[in-house]
Amino acid sequence: MSQLTHEIREAARKLLRNKQAQLVIGFEEGSLPLRGRPCFIRKEEDVDRLVWTSFSDINVARYLAKRKEKVALVAKGCDSRALVELIKENQVSRDQVIIIGVPCEGMIDRPRIEAEVGHKAIVEVEETENRLTLKGRDFEKAFDRREFLYERCKACDHRNPVLYDVLVGQLVEEKVRESFPDVEAFTALDREKRWAYLAEETGKCIRCYACRNACPLCYCPECFVDTSQPQWVGKSTGLSDTLVFHLVRAFHLAGRCVACGACEQACPMGVDIRKLNRKLVKDVKDLFNYEAGVSLDEASPLATFCATDPDQFTVNP
Amino acid sequence: MIREDAGILRKERLESLLEDLLRDHLVLAPTRKGELLLLEKIESARDVVLEDGKTKNSAKSALFPQRERMFAYRAEEGKVDIQVPPPAEEKQILFGVRPCDARGLLLLDAVFGGDSRDPYYVDKRIRTLVVSMACVNPGPSCFCLSLGGGPCSSDGSDLVLLDLGDRYVVEAASEKGKAFLQNPSFEEADEEAMAKAEKIRKEAESAMNPASIAKALEERLEHVDDPLWGDLTESCLGCGVCTYLCPTCHCFDICDEAAATTGERIRIWDSCQFPLFTQEASGFNPRPSEKERFRQRIMHKFRYLPKDRHMAGCVGCGRCVTECPVNLDIREVLEKLSRAEAQ
């Protein structure tokens, strides 16, 4: 058992025992190798289900909205950033959540590592420090986990929780300064190439809405794609409708997306959803010098007005 | 000839067989699109990837596509002109699908080809030959054996290929399959190959957990209001991954995609996991949360279908297990349900 797992369990045990929290939301081992999953602990005797692995990768802040009870949330950097936005948008009240902050060293890119072993069935995984050993029926292969992190984790500049009540482990060094080489490369393409890329990526979409439903900030009681009167967008996998879904969703997350990658990870078809979201993360940063989910005090750019806001997008008559 | 319903296909002959078939068939086979392994129309034998397990999409997409045009219409000067697409005539082959997918077609056959014959499905189905690829190395998410199938099952297939290393043993499971074995690419099966195939089949089966799921459940699923449902579904995101990638889920919606005077009526997949699936015009929703929707999915698969169609709506392919974004594993749900005392 890793030290972080041990400390998370102890923190959860204490919070439940002292009745400071009625529910702990964290991560447990999944039912398959290379999988972790969310878990919901209400009894002290169940805290040993909690773990911290390289697969504690979904955004658990997604499970907070509309809860009545006092909740302790096991939060890595991106979970805590989503929580900051949820608090600012009045979806979660700060005093209802106890944040068990976990400094995060990045999560492992499952599709990439599956490709690395030639898509053979992996039946067992062992994780020690930075070494990851995968076993199949007729192979065994060891990897340095740091070489197989999700792109989003490699680019992450908030590995430490931005907000916490209890900290487990030691804060890690923030090595990266956020930059957008991928977005810049994309926007440098000519219009036809950008269109071709978006058409190809969204063409893979099966409209299952896993991206939307995994997103901690997609909490609208009725999503615009589900409105029937009026029907804003068609329901099939025709390209224009699929593209409208992804574009409007990206716009709706402008200034709110914390780049946690829950959407692209949930997508079964490997649609590059991150590209669109990152483009808007960059725009919001360039236009309003705002980074989502970092501070509780800073006003959300699209929910406030400032006379000096840039307006180069307005069309002069 | 030791058996007329079996043959041998040497691996070096596979490519020429497929090229031969591509001349007058639409061939759908596992093929890589980037990282994704998809069952799709192939242009060349070299595009086929037979070794990498099951495809992301199931075989249902070949016969019951996610978006299907039922007819097109045009309204002009008080007249409505309706154009029904002619049934396609090209024969199609599903090559290298896994036995779970082939078995899933039996349920679709019962639904779309039964009492109420669906022409869109049936027209495609009768032109389709299913050549499946037995699984000699089932993965950790596979549980076909628990649902009455198996890694080398021939249910729903016309032919089953089994990999012996340098060649395939090919067994026919239908008259159509037997006729297909007349193709000169196949050689006579010898006893040694058949014995080797049998041994591999046994090994593949013994690598799996044989626990039967469906039987123990039926009685347990009488209890619709069990509080256990709430606990079991707490992590569910309410997305459509499990139902859309499932080889047996077959719920659909019909809608129009229309412009001013023209339009198309289309049939598209729908999912019981979506709130709109049951939302009524008044705004009332009889299945208001993930709890009721997830329960419906389980009930439909393991209670209603076994009663109505005498087969479960699950073949144990494990796609919902591997693809669920939060790894909400249907096997564990079923096990917890059958273990727990009803309340």
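Residues in region A:163-171: is at least one among the polar types (S, T, N, Q) and within 13 Å of another protein chain (Cβ to nearest Cβ)? Let's see the steps before the verdict.
Here is the first cut: in region A:163-171, the residues among the polar types (S, T, N, Q) are A:170.
Narrowing further to those that are within 13 Å of another protein chain (Cβ to nearest Cβ): none.
No, because not a single residue in region A:163-171 is among the polar types (S, T, N, Q) and within 13 Å of another protein chain (Cβ to nearest Cβ).
Suppose we filter A:I113, A:I87 for residues that are of a type in the set (A, V, I, L, M, F, W, C), touching a residue at least 12 places away in the same chain (Cβ under 8 Å) and away from chain B (no Cβ under 14 Å); which single one remains?
Working: A:I113 fails: away from chain B (no Cβ under 14 Å).
Unique residue meeting the criteria: A:I87.
Please specify each residue of region B:1-29 satisfying the condition of being assigned to a strand (DSSP E or B) and among the charged types (D, E, K, R). Walk me through it before giving the result.
Going residue by residue through region B:1-29, those that are assigned to a strand (DSSP E or B) are B:6-10, B:25-29.
Answer for region B:1-29, where residues must be assigned to a strand (DSSP E or B) and among the charged types (D, E, K, R): just B:R10.
Hey, which of the helices (runs of 4 or more DSSP H) in region A:227-315, taking only ones fully inside, have at least 3 residues that are surrounded by fewer than 19 Cβ atoms within 10 Å (Cβ to Cβ)? Walk me through how you get there before you give the answer.
Numbers: elements: A:239-252, A:262-266, A:273-288.
By residue number, A:239-252, A:273-288.
Here are A:F55, A:F27: which of them is within 22 Å of A:Q91 (Cβ to Cβ), outside any helix (DSSP H, G or I), within 18 Å of the chain's Cα centre (by Cα) and free of Cβ contacts under 8 Å to residues at least 60 places away in the same chain? Write out each step before concluding.
On the way: A:F55 fails: within 22 Å of A:Q91 (Cβ to Cβ).
Step by step, each of A:F55, A:F27 is checked, and only A:F27 is within 22 Å of A:Q91 (Cβ to Cβ), outside any helix (DSSP H, G or I), within 18 Å of the chain's Cα centre (by Cα) and free of Cβ contacts under 8 Å to residues at least 60 places away in the same chain.
Hey, among the residues in region B:64-106 that are charged (D, E, K, R) and in a loop (DSSP other than H, G, I, E, B), which one's nearest to B:L38 (Cα to Cα)? Spell out how you get there, then give the answer.
Applying the first criterion (charged (D, E, K, R)) to region B:64-106 yields B:67-69, B:74, B:76-77, B:79, B:81, B:89-91, B:98, B:101, B:103.
Then keep just the ones that are in a loop (DSSP other than H, G, I, E, B); that gives B:77, B:89-90, B:98.
Numbers: B:E77: 45, B:E89: 24, B:E90: 21, B:R98: 12 Å.
The residue in question is B:R98.
Just to verify a result, which residue in region B:249-264, among those that are more than 13 Å from chain A (Cβ to nearest Cβ) and under 16 Å from B:G78 (Cα atoms), is modelled with the lowest pLDDT? Steps first, answer last, please.
Of the residues in region B:249-264, the ones more than 13 Å from chain A (Cβ to nearest Cβ) are B:250-251, B:260-262.
This time we only want the ones that are under 16 Å from B:G78 (Cα atoms), so: B:260-262.
Values: B:A260: 86, B:T261: 91, B:T262: 94.
Once the filter is applied, the top-ranked residue is B:A260.
Quick check on my filter: what residues within region B:27-74 are within 12 Å of chain A (Cβ to nearest Cβ) and of a type in the set (D, E, K, R)?
Those that are within 12 Å of chain A (Cβ to nearest Cβ) and of a type in the set (D, E, K, R): B:R32, B:K33, B:E35, B:E40, B:E51, B:D52, B:K54, B:K56, B:R67, B:E68, B:R69.
Can we say A:G118 is loosely packed, with under 12 Cβ neighbours inside 10 Å, within 12 Å of chain B (Cβ to nearest Cβ) and farther than 24 Å from A:C260 by Cα?
yes
Could you check region B:206-292 for helices (runs of 4 or more DSSP H) lying wholly inside it with 1 or more residues that are farther than 22 Å from B:P306 by Cα? Full working, then the answer.
Details: elements: B:214-220, B:228-232, B:241-245.
By residue number, B:228-232, B:241-245.
Would a scan of region A:96-107 turn up a residue that is closer than 23 Å to A:Q265 by Cβ and within 14 Å of chain B (Cβ to nearest Cβ)?
The answer is yes; a qualifying residue exists.
Any chance you could count how many residues in region B:186-209 are over 11 Å from B:A6 (Cβ atoms), crowded, with 18+ Cβ neighbours inside 10 Å and either basic (K, R) or in contact with a Leu (Cβ under 7 Å, 6 or more places away or on another chain) (or both)?
Adding up the residues that qualify gives 3.
Just to be sure, is A:C208 in a loop (DSSP other than H, G, I, E, B), in contact with a Gly (Cβ under 6 Å, 6 or more places away or on another chain), under 30 Å from B:F284 (Cα atoms) and within 14 Å of chain B (Cβ to nearest Cβ)? Even if it seems obvious, please write down each step before you answer.
Values: in a loop (DSSP other than H, G, I, E, B): yes; in contact with a Gly (Cβ under 6 Å, 6 or more places away or on another chain): yes; under 30 Å from B:F284 (Cα atoms): yes; within 14 Å of chain B (Cβ to nearest Cβ): yes.
Against the criterion (in a loop (DSSP other than H, G, I, E, B), in contact with a Gly (Cβ under 6 Å, 6 or more places away or on another chain), under 30 Å from B:F284 (Cα atoms) and within 14 Å of chain B (Cβ to nearest Cβ)), A:C208 qualifies.
Inside region A:183-223, can you point out the residues that are among the aromatic types (F, W, Y) and crowded, with 19+ Cβ neighbours inside 10 Å? Explain how you work it out, then say what you get.
In the first step, residues of region A:183-223 are kept if they are among the aromatic types (F, W, Y); the result is A:186, A:195, A:197, A:209, A:219.
A:Y209, the sole residue that qualifies.
Does B:C246 fit the bill of being crowded, with 17+ Cβ neighbours inside 10 Å, closer than 19 Å to B:G149 by Cβ and within 12 Å of chain A (Cβ to nearest Cβ)?
Values: crowded, with 17+ Cβ neighbours inside 10 Å: yes; closer than 19 Å to B:G149 by Cβ: yes; within 12 Å of chain A (Cβ to nearest Cβ): yes.
Taking the combined requirement at face value, the residue satisfies it.
If A:A210 meets every condition in (1) more than 22 Å from B:C242 (Cα to Cα); (2) in contact with a helix residue (DSSP H, G or I) (Cβ under 9 Å, 6 or more places away or on another chain) apart from one, which number is that one?
(1)
Tell me which of these B:K56 doesn't satisfy, since it passes every other one: (1) over 17 Å from the mean Cα position of the chain (by Cα); (2) crowded, with 16+ Cβ neighbours inside 10 Å.
With respect to (1) over 17 Å from the mean Cα position of the chain (by Cα); (2) crowded, with 16+ Cβ neighbours inside 10 Å, B:K56 is out only on (1).
The values are calculated or read from the model by the stated rules, or taken from the named source; none is laboratory data. Just so we're clear, the structure is a prediction, and the values are computed from it rather than from any experiment. Here Cβ is always computed from backbone atoms with ideal geometry, including for glycine, and neighbour counts include all displayed protein chains.
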